[in-house]
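K.L.:
Got a structure for you, questions after.
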Amino acid sequence: MCRRLLICGPGQVEIIEQRLPRLGDSDVFAETMISGISHGTEMAWLGGAAAALHRTWDADHRYYTDGQGRDYPVAPGYESIARVAQIGRAVTHVEVGDLVAVDAPHATGHLLTETAATAGLLPADTDPERAVFHILTRVALAGVHDAALRVGETVVVMGLGTVGLLAAQHARHAGARVIGVDRYPLRVQAAQALGVHGLHADTIDVAAEVHDLTDGAGADAAIEASGSYGGLHEAIRCLRVAGRVATVASYHGDQSGLRLGEEYHRNRITLISSMTINGCPQRAHPQWTLDRLNRTAWHLIADGTIRTDGLITHRIPFDQAADAYTLISDTPQDTIKVVLTYDH
């Protein structure tokens, strides 16, 4: 038996019991130690704003069509770190006690194939609280690749949640000057602690300040991580002529604030969507694959290039998951990364 988290409708979080299939000879059972909540994606499911709830995804043609979307319940989550508790008789590459990264929804345990467990295998001395940032570090890394940053360029990171703070570090590592922007002082302070020039979006004209900091020219590129049309529009306003914006956020619901007839049109801005999964090969494929992005992201965390200390603001027991979502919804200004903890 294991317990798993479901979003059963707008604002409805439930934990159910589920009996997993019997352990096969080539299977691995791992017990979750920590899982990260993806604030943008999971809150969209919880709020009923996710596009997949309202329109139909045509996987063959890769576009949405009018009509019935998917229905609840939804099993959210994709950032789990688990410890192997049992292995099948034919398993040779994974041992009981090994730590693995699991791209699967929030649950107390996961039944994995040996191939999946081996792909997520982590060093024995790994700190689970660092490892839980692995997947979003990959997302942020791909965003920096898609922004095509060059040494000496100035990049604006719009939105300093977890992905934005990770992208800002990647951008600094790539040799760019980084300006981070957010509405919430806690997140701006976190960026400043990482060596990023932080701006409070609610107190200034962000684009005017960025142009002042770049001798009037504007930034060369922006990485949009806020998930808001207003944030995307402000990122566009910050750029010089022929600048480029890479979006790593997902956009949900009906929003206002994006006006493509203004700076986007007049300054010939390039808008780039960054996506590492859902059947999208990387722009630098085959040199860069999903596996290479994952391995690189992990190495950058392991060697300390990407810092995760201090980014977890709340640790909430799995049984109280509903409180975690309420916290993110009602007081986002107090959060950066909220994780669920598990007591076995």
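K.L.:
Give me, ordered by chain and number, the residues 5 or more places off Gly198 or on other chains with an amide H under 5 Å from its own placed amide H.
P.N.:
The answer is Gly180.
K.L.:
Mind checking region 78-124 for GluC sites (Glu not before Pro) that DSSP puts in a loop (not H, G, I, E or B) and that have at most 13 other Cβ atoms within 10 Å?
P.N.:
Glu95
K.L.:
I need the phi-derived Karplus couplings for region 259-271: 6.51 cos²θ - 1.76 cosθ + 1.60, θ = phi - 60°, integer Hz, Gly and Pro marked x.
P.N.:
Computed from phi, the couplings for region 259-271 are 10, 6, x, 9, 4, 4, 6, 5, 9, 6, 7, 9, 10 Hz.
K.L.:
Output the antiparallel fraction of DSSP beta bridges having both residues in the chain, as a percent to the nearest 5.
P.N.:
55 percent
K.L.:
Calculate for the chain the 222 nm mean residue ellipticity that helices alone would give, adding -39,500 (n - 2.57) per DSSP H run of length 4 or more and normalising by residue count, nearest 500 deg cm²/dmol.
P.N.:
Estimated from H runs of four or more residues: -8000 deg cm²/dmol.
K.L.:
Let me ask another. Of all the accessible heavy-atom surface of region 1-118, with the other protein chains kept in place and a 1.4 Å probe, what percent is carbon and sulfur?
P.N.:
C and S atoms contribute 49 percent here.
K.L.:
Let me ask something additional. Would you look at the GNM of the chain, springs on alpha carbons closer than 10 Å, and say which of Gln86, Gln68, Gln333 moves the most?
P.N.:
In the Gaussian network model the winner is Gln68.
K.L.:
Could you go through region 244-257 in sequence order and give the Karplus-derived ³J(HN,Hα) for each residue, using 6.51 cos²θ - 1.76 cosθ + 1.60 with θ = phi - 60°, rounded to whole Hz, and x for Gly and Pro?
P.N.:
Each residue of region 244-257 in turn: 9, 10, 9, 9, 10, 8, 9, 10, 10, x, 8, 10, 10, x Hz.
K.L.:
Oh, and also: Rolling a 1.4 angstrom probe over the protein heavy atoms, how many square angstrom per residue are accessible across region 156-248?
P.N.:
Values: 3080 Å² over 93 residues.
Heavy-atom accessible area per residue stands at 33 Å².
K.L.:
Search the structure for amide H atoms under 5 Å from the amide H of Met33, placed 1.01 Å from N in the peptide plane, and list their residues when 5 or more places away or on another chain.
P.N.:
For Met33, the qualifying residues are Ile81, Ala82, Arg83.
K.L.:
Follow-up question, since we're still on this one. Over all distinct Cα pairs, what is the inverse of the mean 1/r for the chain, reported as the Kirkwood hydrodynamic radius in Å?
P.N.:
21.0 Å
K.L.:
Now a separate question. Can you list which of the trypsin sites (Lys or Arg not before Pro) found in region 148-197 are DSSP loop residues with at most 12 other C-beta atoms within 10 Å?
P.N.:
Passing both the DSSP loop test and the Cβ count: Arg150.
K.L.:
How charged is the neighbourhood of Val84? Take every other residue with its Cβ under 12 Å from the Cβ of Val84, and add Lys/Arg as +1 and Asp/Glu as -1.
P.N.:
-4
The values are calculated or read from the model by the stated rules, or taken from the named source; none is laboratory data. These numbers were taken from a predicted model, which means no experiment stands behind them. As a convention, Cβ positions derive from the backbone with ideal geometry for all residues, glycine included, and neighbour counts pool all protein chains shown. Just so you know, the surface numbers come from the protein's heavy atoms only, side chains and all, with ligands and any DNA or RNA stripped out. Shrake-Rupley method; radii C 1.70, N 1.55, O 1.52, S 1.80 Å.
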